[in-house]
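One structure is given below, encoded as structure tokens.
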Amino acid sequence: MSQSRREFLRFIVAGSMAAGCPIDLSLLAAPGGPKPDVEGEQYEICHQVRDRQVFARPPVSKRHDVVIVGGGISGLSAAYFLQSYDFLLLEKEDHWGGNAYLEEYQGQAYGTGSAFDFKGEAGDQLAKEIGLKLLPVNSPDPTIINGTWVADTWRAGLDHLPYPLSIRESFKKFRKEMLALDVKAHREQLDNEPLTKYLAGYAPEIKLWWDSFGPSNWGAKAADTSTLVALEELQDWAGEPAEDDRVTLPGGLGAISRRLVEILMAKHRERMLGGVTVVAVEQQKEEVQVTYVHGAELKTIAAKAVIMASPKFITARLVADLPDEQREAMEAIRYAPYPVINLIFDKQVYNRAYDTWCPGSSFTDFVVADWTVRNQPGYRAKNNILTFYTPLAPSERYKLLTIEGCRQMAANVLRDFQRLLPEFNVEPIEVHMYRRGHPMFMAMPGTYTKLIPAARQPMERIFFANTDSEGPESLTDGAVTAARRGAEWVKQRLAGHSTRQADTEAMQALA
Ligand SMILES: Cc1cc2nc3c(=O)[nH]c(=O)nc-3n(C[C@H](O)[C@H](O)[C@H](O)COP(=O)(O)OP(=O)(O)OC[C@H]3O[C@@H](n4cnc5c(N)ncnc54)[C@H](O)[C@@H]3O)c2cc1C
């Protein structure tokens, strides 16, 4: 395909760089100073919040039982669980779902973030409750290395990796020794040690593999990865008996967000406010005051209780009077920039496995968007949509600031894909990129056992939900679990129980 033909390729960039108000300073301080292309954010007030300026807040205009801040899957689930209360859900984007959000091309859904849950976990349970059946993936993950497609990488695949025997043996030894570790018994210790400590002495190709797998799943390379998180994953991926309990639908877990929105909008449209940015949350004696920007207007409302379902790095700046230790914990959680690129082909290019790993590429792995429905009766595949995961290091966040930077990343993904196998040398009809500046909290040493427990302590009338209240890694399961706990906590608080009682009862309700 000639260069000029490629220039005509339709390239669409969506998504939001600032995960919320206030915009992250690092976004404005890109090397070389490219002008950020992040229109539509409420800069003036956001800058005041960022700089911790005190700005005039209007008097309370309305009162609710509960206000939920953030309409990702955690906030949406909390609203769903609290439907019998007078709730108000506030979301800064003009669409709902946060990182569990799907888009469509000619009626075919594809993911822009969260891909799959595990059978019976909180996301799957909620899906059932709202009438959605997530379908089994049933496809062990292959890896493409040096032009070779290797099935079931971490089990039978270890004998077929295109490496010298000594390296294949090193992979097997690592697997055997890591699976023999008693992860449950040493959770705290393992969570506080970097994975590189356990990779020492093995072939460097194993680290290369984790440097791809880690960023895709929890935003961090081996040196920044909690060993607990990596080994729990390994038990799942490489343990015996071989079992694939992943479930999903086209569009990934954005399918759950979409259904939640349909249900909530049908019954409670007036309680769902999109396109509003919360800029301050202040606990008073008998209520919590929440100030938000809506268009050019600043409004303050009050609630008996608030659920903060926004990520902690934003929450820390919005909530007044957080205890120092809690604020520091919230601020210490790190978030990875993570664009997702969808290549849309008008013919079948790849349909051999659900999720294929490609260490050493500009992307970590790619999934087949319609994998779980492709053999369903009556389904006719129109286009072949492949979703490429392209996590970045925080130091690379600036690359997402300009359309040109995004175009370059997408071009690299396309180039690397086309070079993987000869049959991939096909031009897509469209390239869609969804960019996010801080979507995934990084499962770094200590995040799960130290930072998260300190960051999520409820205040008198404020509960902290979002997936970064759960861990060990950023999962929809955690987002929904935090919402269930939050909803139960709010019910107990509104029934007059103390914060401590509400917390205990919320925990018990979930157990
Ligand atoms: C590329 C990618 C792939 C992933 N794959 C998987 C997967 O396969 N399986 C899985 O389980 N998980 C996966 N995850 C993780 C999963 O998507 C998240 O854990 C989950 O979606 C988090 O939901 P949440 O509601 O807790 O937070 P978020 O999705 O972060 O939602 C927070 C919401 O708050 C809003 N907000 C922020 N600030 C404000 C403000 N000031 N005012 C109002 N609203 C505000 C944001 O706009 C956002 O909508 C993936 C994540 C990414 C990025």
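What follows is calculated from the coordinates using simple rules that are stated; it is not laboratory data. Remember, it's a predicted structure, so these values are computed and weren't measured experimentally. With ideal geometry, Cβ positions are generated from the backbone for all residues, glycine too; neighbour counts draw on all protein chains shown.
Per residue, the chain reaches -10000 deg cm²/dmol at 222 nm when only DSSP H runs of four or more residues are counted, each adding -39500 (n - 2.57). The HN-Hα couplings worked out from phi for segment 76-81 by the Karplus form 6.51 cos²θ - 1.76 cosθ + 1.60 (θ = phi - 60°) are 4, 5, 4, 4, 4, 6 Hz, whole numbers, x standing for Gly and Pro.
Neighbours of Met330, meaning other residues whose beta-carbon lies under 13 angstrom from its beta-carbon, give a summed charge of +1 when Lys and Arg score +1 and Asp and Glu score -1. Here Thr148 and Asp94 are evaluated by their C-beta separation; at R0 = 30 Å the FRET efficiency comes out at 0.10. What the Cβ-Cβ distance of Ala266 and Glu328 gives, at R0 = 45 Å and to the nearest 0.05, is a FRET efficiency of 0.60. Among the GluC sites (Glu not before Pro) in segment 394-499, those located in a DSSP loop and surrounded by at most 14 other Cβ atoms within 10 Å of their own Cβ are Glu460. Cα convex hull, segment 320-444: 156 Å³ per residue, rounded to a whole number.
Taking the fewest neighbouring Cβ atoms within 10 Å as the starting point, the ordered list for Arg500, Arg436, Arg419, Arg380 is Arg380, Arg500, Arg419, Arg436.
Sorted ascending by nearby beta carbons within 10 Å, beginning with the fewest, Trp237, Trp218, Trp154 become Trp237, Trp154, Trp218.
Residue separation of Leu421 and Arg57 scaled by 0.36 nm, minus their Cα-Cα distance, works out to 125.2 nm of gained length. Which FRET efficiency, nearest 0.05, do Arg374 and Lys172 yield, Cβ-Cβ r, R0 25 Å? It comes out at approximately 0.15. Projecting the alpha carbon convex hull of segment 455-511 along each direction and taking the average yields 3.5 nm².
In a reduced charge model with +1 at each Lys and Arg Cβ and -1 at each Asp and Glu Cβ, the chain shows a dipole moment near 580 debye about its Cα centre.
Only alpha carbons enter this Debye calculation for segment 54-121, each as an equal point scatterer, and the log10 of I(q)/I(0) it gives at q = 0.16, 0.20, 0.23, 0.28 Å⁻¹ is -0.74, -0.95, -1.07, -1.20. Contour minus end-to-end for Lys382 and Asp245, with contour as 0.36 nm per residue of separation and end-to-end as the Cα-Cα distance? Full-extension gain reported as 46.6 nm. For the residue pairs Lys221/Lys450; Lys133/Lys207; Lys119/Lys221; Lys119/Lys304, alpha carbon separations beyond 25 Å are given by Lys133/Lys207; Lys119/Lys221; Lys119/Lys304.
Among residues other than Gly147 with Cβ under 12 Å from its Cβ, the summed charge is 0 (Lys and Arg +1, Asp and Glu -1). Multiplying the residue separation of Gln501 and Glu104 by 0.36 nm and subtracting their alpha-carbon distance yields 138.5 nm.
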